[in-house]
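Following: one structure in structure tokens, then a few remarks.
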Amino acid sequence: RPRAIPFRTSYYTRTWGFCLPHEKLAALKPGRYHAWIDAEHDDTGSLSYGEAVVGAGTPDVVVSAHMCHPAQANDNLSGVAVLTAVAEQIGDDGPAMRALYLPGGIGSLAWLSRNEEEAHRIRGGLSLACIGDDHGLTFKRTRRGDTLVDRVADLVARDMGIELDHAGFDPYGFDERNFSSPGFDVAYGSLTRSPHGGYPEYHSSDDSIDLMDGERLAEAAEFVFRFVEVMQLNRRLVRTEPRGEPMLGKRGLYGSVGGLRSRPRFESALLWVANLADGEHDLVDVAMRSGVPFADVVAAADALTETGVTQPAGQARSQSTSG
């Protein structure tokens, strides 16, 4: 790509350079050149990041996007666009989310250093990068690899009917490498399409808006919204009477006619939730094991709790302790 301008930076060393297309470099005559850079060096430095807390409830789910690559559409603006769309969709009443717009690497370090107490309350997070091109979605697993974040990503993909590629954890990347460092150990995954350097236009002026696919951006936004929603709606339940199968018919939750060849999906969800309401399994477990969409599982869980069949696991422990 001889006409593309490469993207190169040097943040931490006092040096300089020019980025220019190869064909212009080749056209320069051999010799010494005098470079004039109209800028000042500030020893104190500065750094800016953006933060928005949206939705109702505790914002203990974090989604971040980097904003440090000037003129890069896929490897910069795509994540920002998706995160902003999700934040707008959540609004004031949706599932709580903390949206972070950060310079790559140093930005998440700065946020963590200023919010260390808050960081230890984060239950999970997702970093968005290179998410607007025409490749399929790829989920990079968390540091531990088997956390709620990993399970939720797989469940969301299943319920959306999309094939999710997986990449194992790698300490190279974006915000996940700092959030999941040993001192914080936050379950933090990454959602991308093309991996770093995985497309010809990467880190060049050819990474333009022409690479963006509107349908792919919308798909990514739906994935992220569902991810946050599942993280916030997930919970563990216990049965108020754990012995035997509860009689759901008298509570208006089950059909009065037996012997049918097929069982309605909601009734299946009721039975699964009631059976796994043991304080150990959560609703994500129920959805994955039963094959029932998470939305139906949540509806069943709400119905069982409203009719007194189940209650939140923590509430049961609290009552047991106080009694």
Here the chain gives, from Cα atoms, an Rg and Dmax in Å of 24.5, 92
Integer Hz, Karplus 6.51/-1.76/1.60 couplings in order for region 156-168, x for Gly and Pro = 4, 4, 4, 5, 7, x, 10, 8, 9, 6, 10, 10, x
Would you please give the residues with an amide H less than 5 Å from that of Tyr188, counting only those at least 5 places away or on a separate chain, with H modeled from the backbone geometry?
-> Gly125, Arg143
Just the number, please: percent antiparallel of the DSSP beta bridges in the chain, rounded to the nearest 5.
-> 45 percent
Gyration tensor on Cα atoms of region 101-224, a ≥ b ≥ c root eigenvalues, a/c under 1.5 rounded, else prolate if a/b beats b/c, else oblate, says oblate
Cross-link reach list, aspartates and glutamates versus Lys250, counting only Cα pairs under 18 Å and skipping chain neighbours closer than eight places | Glu241, Glu267, Asp302, Glu306
Here, Asp213 and Ala295, labelled 7 Å along Cα→Cβ, have an inter-label distance in nm of 2.4 nm
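Taken together, the values in this text are just the output of simple stated rules run on the coordinates, not laboratory data. The structure displayed is predicted, hence computed values, not measured ones. Every residue, glycine among them, receives a Cβ derived from its backbone with ideal geometry; neighbour counts consider all protein chains shown.
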